[in-house]
Each structure stands twice: as C-alpha cells, then as structure tokens.
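Visitor: Let me begin by handing over the structure; questions about it come next.
What follows is calculated from the coordinates using simple rules that are stated; it is not laboratory data. These figures come from a predicted structure and were not determined experimentally. Here the Cβ positions follow ideal geometry from the backbone for every residue, glycine too, while neighbour counts run over all protein chains shown.
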C-alpha cells in the first residue's frame, strides 16, 4: 500500500509577528485628565453692594419684628419704641427706594427667604408709622388742656393749608403727622366721629412719594374729613365744660 506523506512541519512566524500583541487584546488604558478645581465666584462691586443691601433689608425686617413683639409684651417703653421704630422706618424707606428695581415686592422677598414677620410687615409695609403715632400711649396727668389746645391748633393749621390749595405730600404730611400726634396725646379721648380718618390720612400720605400730589377728589375728601373730625372734637370739649 502507498504511504501517506506526512504534513510538513509548521514554520515559525516571523519575529515581528510573534512579538505583536494578540488582536483581541484591549489597548492600554490612558489616564483621564484631572480637571482643575473651579475657583470661587467673584462678585463685582455692584453685585457686592446689592448683596449688602439685601442683607440689610433682611436685618431690618427681623429687627422690626422683634421690636413690635417687645412693644406688645410691654418690654419696651413708649419712648424707646417710638424712637427705634422711627429709625427703622426711615432706614426701610431709604432701602426700599434703592431696591425698587431689584425687589419691587418686599412680601415676596420675605416668603422666598422663609421669614415669618407679620408684625414687621404691618408696620413697614402697612401703616408706615409707629403704633404710638396711631393709638397713643399713657398721657401725663394734668396735660389734657394743653393736649386739646395743640389738637385744635393742628386742625386749624391743616384746614388753612387745604384752603390754600396745598396738595403736595411733602407739604401735607408734616401737618397731618403733627395733628395725629396731638390727637393721640389727649387723655381719655372717646372714639369721636371722623377722628380715626386722620390716622387713615397719615397712613395714606406716608405711603406716597414726597413729590406726589393729592388729586382734586382726594383734596376735597381730606378737607371734609378734617372739618368733620374738628367739629367732633369741639362738640366733645363743649360737653365737658
């Protein structure tokens, strides 16, 4: 029988092929570049000034809330309360004007920052004057005659101003403020007809700008309210004599 020739021996692969890595071997891993640490945000001068104003607004709201709570508890005297409250009101109005473009809604600011300050909102955003200016405080004994005289004088001055067609806020507000202060200084004054409207006008004028003017309708209403309140006061004084 014929012999089957054996297969020739396999030849060795070339050296360059033998040293090459297998085709399926993954490529060597390359380390990812390390990101440089981010620098802190740098605020501009205008941004720093704005942030400081917002921080001051927050402080004024909190301070006013504490002051009102202390006044309600009787933990602060009327004089100290009125002095501090007037200062806070002045600071708040100045700051509010400076932030009117950035923060037109102060109540939204308080909600956004989780502030619970209803008394401060009522004083700063509502009445705009100290509680003692609206409701008064303990009157000194024996000063009733002087207080009534000052109130009568204040009524006459305001009536004359309205008759002279003075309708600018910066002209009327000081007169109404002085009149209200003299009214609340009268001891044991009953709730006379029209008297409470003077306090209402104080709040209204206090919420307006100094350059604003009352309309003709508002001016006529102010004149009517002042006349009615003054008549009520005179009738009450006449009944006491």
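Visitor: If a/c stays under 1.5 just call it rounded; otherwise compare a/b with b/c (prolate if a/b is bigger, oblate if not). Do that for segment 132-241, with a ≥ b ≥ c from the square roots of the Cα gyration tensor eigenvalues. Each step should come with its number before you reach the end.
Guide: On the way: a/c = 2.18, a/b = 1.67, b/c = 1.31.
It is prolate, given that a/c is not under 1.5 and a/b is the larger ratio.
Visitor: Need the full-extension length gain, residue 220 to residue 66, defined as separation in residues times 0.36 nm minus the C-alpha distance. One decimal, nm. It would help to have the intermediate numbers written out before the result.
Guide: Details: separation 154, 0.36 × 154 = 55.44 nm, distance 3.95 nm.
Contour length minus the Cα-Cα distance gives 51.5 nm.
Visitor: Among rounded, prolate and oblate, which fits segment 99-183 when a ≥ b ≥ c are the square roots of the eigenvalues of its C-alpha gyration tensor, a/c under 1.5 means rounded, and a/b larger than b/c means prolate? Let's see the in-between values first.
Guide: Numbers: a/c = 5.92, a/b = 1.65, b/c = 3.58.
Here segment 99-183 falls in the oblate category.
Visitor: Within 10 Å of each residue's Cβ, count the other Cβ atoms and sort 96, 102 from fewest upward. Before the final figure, lay out the partial values.
Guide: Values: 96 16, 102 10.
The fewest-first ordering by Cβ neighbours comes to 102, 96.
Visitor: Divide the volume of the convex hull of the Cα atoms of segment 46-133 by its number of residues and quote the answer in cubic angstrom per residue. The partial results should precede the final answer.
Guide: Working: hull volume 7.7 nm³, N = 88.
Once divided by residue count, the hull of segment 46-133 is 88 Å³.
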